[in-house]
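*Asks:* The structure follows.
Derivation of every value follows stated rules applied to the coordinates shown; laboratory data play no part. In this text, all values refer to a predicted model and were calculated from it rather than measured experimentally. Note that each Cβ is placed from the backbone with ideal geometry, even for glycine, and that neighbours are counted across all protein chains shown.
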Amino acid sequence: MKRDDGTLTIEDCPAPMLAERFGTPLYVYSRAAIESAWRAYDQAFAAFDHQICYAVKANGSLAILQLLARLGSGFDIVSGGELARVMRAGGDPGKVVFSGVGKTEAEIEQGLSAGILAFNIESEAELERINAVASRTGQTAPVSLRVNPDVDARTHPYISTGLKENKFGIDIHGAEALYHRAAAMPGISVSGMDFHIGSQLTELEPLADALSRSLALVDRLEAAGIHLAHLDIGGGLGIRYDDETPPTPAALAERLGPLLAGRRQTLLMEPGRALVGEAGLLLTRVEYLKPGHRDFAIVDAAMTDLLRPALYNAWQGIETAEPVDAEARLYDVVGPVCESADTLGRERSLALVPGTLLAIHATGAYGFVMASQYNARPRPAEVLVDGDRVHLIRERESLEALWQGEHLLDTP
Ligand code: LLP
């Protein structure tokens, strides 16, 4: 929220105070915003037997996983690392679904011994591997086939996943035969069906379409004696970066409700961005103003801290977070990294002086998690605001952390 004098606040904490205390660049999250986004989802689907499995990839900070676990959330993971994080944060492995096209044997063993809810299978070869690993260790792996329903999610091609040319999921037309194979495997128990058609979805029809196609398959399986315990509709609801008007969870539930009526499967969903995206911002300070052919504002955050603009040409809102006495001009907001792609926003109207504090909005999802140490830049700190309290949930990386685990040669 912006005060009349131009000071940005996160819950009851002024952004300049946070920047002063913890330094910049700094990721700031609102506990209330995360919890209310989760509850909105949960309440929207209250009429259904359901389980939210938060997509850890969107933001895997332990404290955030802990908050969500306490609310009763499950988790959608894509690696052994994410499973370890969920368990470290106190998450219930019995509410974990494991997605991803490349699960290793070690990751499969890790999932089996943790007792996860289901493996979302993405290929026949993966099904065979999971069967082999489970059989060898005397276990039965609960699996859900991720079908690729071949619908166009109408989002950015880099984050669209439900078309048949995408690497994700099993072609819905071949899935029936694979279900029959899976049902006959000794190490496998067939438990569900899953799809995820893309991210930052701003329309409901592609999701409804994917659900209808999946339900038709559920019915054919049912008729053949293969009964599924759950149906997983993936994640994907968009958030507001600029002027988008993404559907709310309530609108999603209302659109899908009639299709789901009378079904006995537990409904699973894997939202990531919609739960944490708008709950976070990135604070950064102007280091230099560089006028010329284009006016550049060089800030202390970079593509290493927030990759989305460089990777997807994504638009993120940028505004001043404190009162400034200057004329607004059009600035390209850029970071210090030696790449032209290190641009956080182009032609933004901002009133700036050197040292001005800026906030980059809607960076709670796919922000810190995609940060790197390129150019030997320590990754930023993260704080969680709760009313007027602030929790440092991740320290700024130290210089020593930059070479943690490295070894100098011990030979001349
Ligand atoms: N489930 C599966 C299987 C997924 O692959 C994803 C995201 C999700 C759930 C969560 O989707 P969400 O609700 O967050 O849309 N880095 C990109 C987004 C990549 C999304 C990958 N999969 C970005 O910054 O836009």
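*Asks:* Report for segment 100-269 the percent antiparallel among DSSP-assigned beta bridges with both residues inside it, nearest 5.
*Replies:* Roughly 5 percent of the beta bridges in segment 100-269 run antiparallel, per DSSP.
*Asks:* Further, regarding this structure: Label segment 19-155 by shape, choosing from rounded, prolate and oblate, from the square roots a ≥ b ≥ c of the eigenvalues of the Cα gyration tensor; if a/c is under 1.5 it is rounded, and otherwise prolate applies when a/b is larger than b/c, oblate when it is not.
*Replies:* Here segment 19-155 falls in the prolate category.
*Asks:* Could you pull out the GluC sites (Glu not before Pro) across segment 315-358 that fall in loop regions by DSSP (anything but H, G, I, E, B) with no more than 13 other Cβ atoms inside 10 Å?
*Replies:* Passing both the DSSP loop test and the Cβ count: GLU327.
*Asks:* Please go through the residue pairs LYS57/LYS103; LYS57/LYS95; LYS95/LYS167; LYS57/LYS167 and name each one whose alpha carbons sit more than 24 Å apart in this structure.
*Replies:* LYS95/LYS167
*Asks:* Now for a separate question. Restricting the count to DSSP beta bridges whose residues both fall in the chain, what percent are antiparallel, rounded to a multiple of 5?
*Replies:* Of all bridge pairs located within the chain, approximately 45 percent are antiparallel.
*Asks:* If you don't mind, there's one more thing I want to ask. Work from the charge dipole of segment 100-269 (Cβ charges, +1 for Lys and Arg, -1 for Asp and Glu, about the Cα centre) and give the residue of PRO186, SER144, ALA208 farthest towards its positive end.
*Replies:* PRO186
*Asks:* Which whole-number percent gives the relative contact order of segment 190-293, counting Cα pairs below 8 Å spaced six or more residues apart?
*Replies:* Reported relative contact order: 33 percent.
*Asks:* Restrict the search to segment 120-216; then list the trypsin sites (Lys or Arg not before Pro) that DSSP places in a loop and that have at most 16 other Cβ atoms within 10 Å of their Cβ.
*Replies:* Loop-located and lightly packed - ARG154, LYS164, LYS167.
*Asks:* When only DSSP loop residues count, what trypsin sites (Lys or Arg not before Pro) in segment 216-258 have their Cβ near at most 16 other Cβ atoms within 10 Å?
*Replies:* In loop regions of segment 216-258 (DSSP not H, G, I, E or B), the sparsely surrounded trypsin sites (Lys or Arg not before Pro) are ARG240.
*Asks:* Could you tally the net charge around LYS2, taking each other residue with its Cβ under 11 Å from the Cβ of LYS2, Lys/Arg +1 and Asp/Glu -1?
*Replies:* Counting the neighbours of LYS2, the net charge comes to -3.
*Asks:* Spin-label point model (7 Å from Cα, Cβ direction): what's the SER372 to LEU204 distance in nm?
*Replies:* 3.9 nm
*Asks:* Can you give the calculated 222 nm mean residue ellipticity of the chain, where each DSSP H run of n ≥ 4 adds -39,500 (n - 2.57) and the sum is split over every residue, rounded to the nearest 500 deg cm²/dmol?
*Replies:* Roughly -8500 deg cm²/dmol at 222 nm, from the helical runs in the chain.
*Asks:* Next question, about the same structure. Can you give me the relative contact order of the chain as a percent, contacts being Cα pairs under 8 Å and 6 or more apart?
*Replies:* For the chain, the relative contact order is 19 percent.
*Asks:* Still on this model: Can you tell me the relative contact order of segment 76-167? Whole percent, Cα pairs under 8 Å, sequence separation 6 or more.
*Replies:* The value is 21 percent.
*Asks:* According to the Cα gyration tensor, what semi-axes, each the square root of 5 times an eigenvalue, does the equivalent ellipsoid of the chain have, listed from largest to smallest in whole Å?
*Replies:* Ellipsoid semi-axes (Å, largest first): 41, 24, 19.
*Asks:* Provide the gained length on full extension for the span GLN404 to ALA84, in nm with one decimal, where the gain is 0.36 nm per separating residue minus the Cα-Cα distance.
*Replies:* 113.2 nm
*Asks:* Let me ask another. Output ³J(HN,Hα) for segment 345-358: one whole-Hz value per residue in order, computed from phi by the Karplus curve 6.51 cos²θ - 1.76 cosθ + 1.60 with θ = phi - 60°, and x for Gly and Pro.
*Replies:* x, 10, 6, 9, 7, 9, 9, 10, 10, x, x, 4, 8, 10
*Asks:* Can you give the extra length, in nm with one decimal, that the chain gains between LEU392 and ASP42 once fully stretched, where that is 0.36 nm per residue apart less the Cα-Cα distance?
*Replies:* Roughly 123.2 nm would be gained on extension.
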